[in-house]
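Here the structure comes first, spelled out in structure tokens, and everything after it is commentary.
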């Protein structure tokens, strides 16, 4: 993995536009020296004389009993690195346009996918001019803003009908798409409309990426919120091999519905 990305860095410096693929997010850890110290920093350290038009892509997340060394999520680490653009994929149309945009860009990109979304089917609008940094409003609503990314977007959408029935409310579901930079403008518009925020992610709750979104909301949208934001995230444990424990370690459509319904009743949604 170190040599895969290292070779891609050299190719990018030499004028090519390489796409380096790593088998899993866990294996990407072996390439972090090249990703963080070279891919993300060489343009800055060369005062712009070196550009790195390259993409590193890999799948991550809980699949089906691949255990702790093949199932973790690391977007929170990469999204915190200045110089990297970090995109997350949950939609077929977005995946096509975002990857194409990243390949043609002169910036270094990390393109994060989820293992269980590789067989997902959908329509691609080849004529569309899609902005990969624009969050996607998957479902419009008026009472609760639910923010997510990667496979958790599908889990949220599967739980929304139950949530709306139990609370008598309307949920707006937003797919972040870009994790660095974050499209805060779309979140501002939604939160001003709903006055409530829920963040759903597969990553561990402690230090997880969603903490950034909730911290931003507390700093910038405090007076727009009618209730404390809710975070639903993975448990702070290594991902178990046992299937029952594996599913218990991450949000599922049932646990998402239960969590949001309990929070909604507590806060008079």
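The values are calculated or read from the model by the stated rules, or taken from the named source; none is laboratory data. Worth saying up front: this structure is predicted, and the values here are computed from it rather than measured. Because the Cβ atoms are built from the backbone with ideal geometry, glycine has one as well, and the counts that use them run over all protein chains shown.
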### Message
Yes or no: the range 194-208 includes at least one residue that is modelled with pLDDT of 95 or more, out of contact with any strand residue (DSSP E or B) (no Cβ under 7 Å at 6 or more places or on another chain), in a helix (DSSP H, G or I) and surrounded by fewer than 21 Cβ atoms within 10 Å (Cβ to Cβ).
### Response
no
### Query
Within the range 5-22, how many residues are in contact with a strand residue (DSSP E or B) (Cβ under 7 Å, 6 or more places away or on another chain) and surrounded by fewer than 19 Cβ atoms within 10 Å (Cβ to Cβ)?
2
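Residues to consider are 214, 237; find the one that is surrounded by fewer than 20 Cβ atoms within 10 Å (Cβ to Cβ) and closer than 21 Å to residue 134 by Cα.
Working: 237 fails: closer than 21 Å to residue 134 by Cα.
Going through 214, 237 in turn, the sole match is 214.
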### Query
Inside the range 23-56, can you point out the residues that are surrounded by fewer than 19 Cβ atoms within 10 Å (Cβ to Cβ) and outside any helix (DSSP H, G or I)?
23, 41, 46, 47, 48, 49, 50, 51
### Query
Where in the range 87-150 are the strands (runs of 3 or more DSSP E), entirely inside, with at least 1 residues that are over 30 Å from residue 170 (Cβ atoms) and in the same structural domain as residue 203 (by TED's automatic domain parsing)?
none
### Residues satisfying the stated conditions in the range 209-246, i.e. closer than 20 Å to residue 262 by Cα and either modelled with pLDDT under 95 or more than 20 Å from the chain's Cα centre (by Cα) (or both)
225, 226, 227, 228
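What residue, among those in the range 151-168 that are without any contact (Cβ under 8 Å) to a residue 24 or more places away in the chain and part of a helix (DSSP H, G or I), is farthest from residue 60 (Cα to Cα)?
Pass one, the range 151-168, residues without any contact (Cβ under 8 Å) to a residue 24 or more places away in the chain: 157, 160-161, 164-165, 168.
Keeping just the survivors that are part of a helix (DSSP H, G or I) gives 157, 160-161, 164-165.
Details: 157: 20, 160: 25, 161: 28, 164: 30, 165: 33 Å.
Per the stated criteria, the residue is 165.
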